[in-house]
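Student: Starting off with a structure, shown below.
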Amino acid sequence: MSKPKTPRALADTEAQAILRNVRVSPRKLNLVAGLIRNRSAAEAVATLTFSKRRIAEDVKKLLESAIANAENNHQLDVDRLVVTRAEVGKSVVMRRFQARGRGRAARVEKWFSHLKIVVAEREQTPAQEAA
């Protein structure tokens, strides 16, 4: 006997991908996540491709994973996907020290983050159907 399956937390028109313990502070990661919130999936990938921030490459890989999950696992139309949520959370903080003058020490904090991207299939409007 196994335990019963938990019900799916997302709607049928949504798919997600999660990246845990990425070595960047949540404040910096949230700046990149803000670039892709409420954008179409293709536009968000293009934005991340040309971003100069180091972490944008990892966010782009995660977004492409969420798009692949939507296409392969939930049979959603890739052309109608929109990034509905890009949630950033705190993870562990590594604490190190840096030697200072007069035998003192200063604390150096190395922040880690979590990122969850949820893409959803939007409804087709009459203007889009005509085009």
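Student: When the stretch 54-104 is examined, which residues are found to be among the aliphatic types (A, V, I, L, M) and touching a Pro at 6+ places or on another chain (Cβ under 8 Å)? Before you say what the answer is, go through the steps one by one.
Tutor: Let us first name the residues in the stretch 54-104 that are among the aliphatic types (A, V, I, L, M), namely 55-56, 59, 62-63, 66-68, 70, 76, 78, 81-83, 86, 88, 92-94, 99.
The one that is among the aliphatic types (A, V, I, L, M) and touching a Pro at 6+ places or on another chain (Cβ under 8 Å): V88.
Student: Let me ask something additional. With respect to A99, is the statement that it is in contact with a Phe, Trp or Tyr (Cβ under 8 Å, 6 or more places away or on another chain), surrounded by fewer than 12 Cβ atoms within 10 Å (Cβ to Cβ) and not basic (K, R) true?
Tutor: no
Student: Further question on the same structure: Please work out which one of (1) touching a residue at least 40 places away in the same chain (Cβ under 8 Å); (2) assigned to a strand (DSSP E or B); (3) exposed (fewer than 12 other Cβ atoms within 10 Å of the Cβ) is the condition S113 fails and give its number.
Tutor: Result: S113 passes all but (3).
Student: For the structure I just gave you, tell me whether A15 is modelled with pLDDT of 95 or more, of a type in the set (G, A, S) and surrounded by fewer than 17 Cβ atoms within 10 Å (Cβ to Cβ). Talk me through it step by step, then tell me what you get.
Tutor: Working: modelled with pLDDT of 95 or more: yes; of a type in the set (G, A, S): yes; surrounded by fewer than 17 Cβ atoms within 10 Å (Cβ to Cβ): no.
No.
Student: Further question on the same structure: In the stretch 107-123, is there at least one residue being modelled with pLDDT of 95 or more and at positive phi?
Tutor: Within the stretch 107-123, none of the residues are modelled with pLDDT of 95 or more and at positive phi.
Student: Can you say whether D77 is surrounded by 16 or more Cβ atoms within 10 Å (Cβ to Cβ) and acidic (D, E), as far as the supplied structure shows? Please lay out each step first, then the result.
Tutor: Working: surrounded by 16 or more Cβ atoms within 10 Å (Cβ to Cβ): no; acidic (D, E): yes.
When the stated conditions are applied, D77 does not pass them.
The values are calculated or read from the model by the stated rules, or taken from the named source; none is laboratory data. Predicted model, so just to flag it, every value in this text is computed and none were measured. Note that each Cβ is placed from the backbone with ideal geometry, even for glycine, and that neighbours are counted across all protein chains shown.
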